[in-house]
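Report on the structure given below.
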C-alpha cells in the first residue's frame, strides 16, 4: 500500500470518557457503560470493518481533536456535551461525527456515513484519472 492509499482510508473512531483504556472501567455507571459498549460494538461490526478497510480506533472525548483524514466518529449516548467541550472538532468535510441516541438504526446510520465517505473518495479518485 502506498502513502496516498494509506491516507485515503476511512477511519472509524469511538469517543471514550477516559485518557487511557486502563482507567475506563473504574468509575463508569451502568447506563454509561451500556452506551459505550454499544458504540464500541457498532464500530466492530463486520460491515463497518469492511467499509472502513481497517479496525476501529478510539479517542478521548475530553482531549481536543487533531486527527486528519477521512473519519467517522462515534460519540456514545450521554457524552455529547463532553464531546462538544472537550474534543470540539473543527469542521472538516472528510470527517463526520455521529451522536448515538436511542435509535435502533444507529448501525445503519454509521454504515451510511462510512459508505458516503468511501463513495466521495471513489468519485474524487475517478475524476482525477
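Surrounded by fewer than 21 Cβ atoms within 10 Å (Cβ to Cβ), within 28 Å of residue 30 (Cα to Cα) and within 9 Å of the chain's Cα centre (by Cα) - does that describe any residue in segment 85-95?
no
State whether the residues of segment 11-23 include one that is part of a loop (DSSP other than H, G, I, E, B), surrounded by 13 or more Cβ atoms within 10 Å (Cβ to Cβ) and touching a strand residue (DSSP E or B) at 6+ places or on another chain (Cβ under 7 Å).
Filtering segment 11-23 for residues part of a loop (DSSP other than H, G, I, E, B) gives 17-20.
Now narrow it down to the ones that are surrounded by 13 or more Cβ atoms within 10 Å (Cβ to Cβ): 17-18.
Remaining after also requiring touching a strand residue (DSSP E or B) at 6+ places or on another chain (Cβ under 7 Å): 18.
Among the residues of segment 11-23, at least one is part of a loop (DSSP other than H, G, I, E, B), surrounded by 13 or more Cβ atoms within 10 Å (Cβ to Cβ) and touching a strand residue (DSSP E or B) at 6+ places or on another chain (Cβ under 7 Å), which makes the answer yes.
If you scan segment 29-80, which residues turn out to be assigned to a helix (DSSP H, G or I) and either closer than 16 Å to residue 115 by Cα or in contact with a strand residue (DSSP E or B) (Cβ under 6 Å, 6 or more places away or on another chain) (or both)? Before you say what the answer is, go through the steps one by one.
First, the residues of segment 29-80 that are assigned to a helix (DSSP H, G or I): 30-43, 46-52, 80.
39, 40, 42, 43, 46, 47, 48, 49, 50, 51, 52, 80, listed by residue number.
Residue 65 is checked against (1) under 11 Å from the mean Cα position of the chain (by Cα); (2) surrounded by 16 or more Cβ atoms within 10 Å (Cβ to Cβ) and fails just one. What number does that condition carry?
In the conditions (1) under 11 Å from the mean Cα position of the chain (by Cα); (2) surrounded by 16 or more Cβ atoms within 10 Å (Cβ to Cβ), residue 65 misses (1) alone.
Scan 98, 55 and give me the residue that is surrounded by 14 or more Cβ atoms within 10 Å (Cβ to Cβ) and either modelled with pLDDT under 90 or touching a helix residue (DSSP H, G or I) at 6+ places or on another chain (Cβ under 9 Å) (or both). Full working, then the answer.
Values: 55 fails: surrounded by 14 or more Cβ atoms within 10 Å (Cβ to Cβ).
After applying the criteria, what remains is 98.
The values are calculated or read from the model by the stated rules, or taken from the named source; none is laboratory data. None of the values given here were measured: they were computed from a predicted structure. Please note: Cβ atoms are built from the backbone with ideal geometry, for glycine as well, and neighbour counts cover all protein chains shown.
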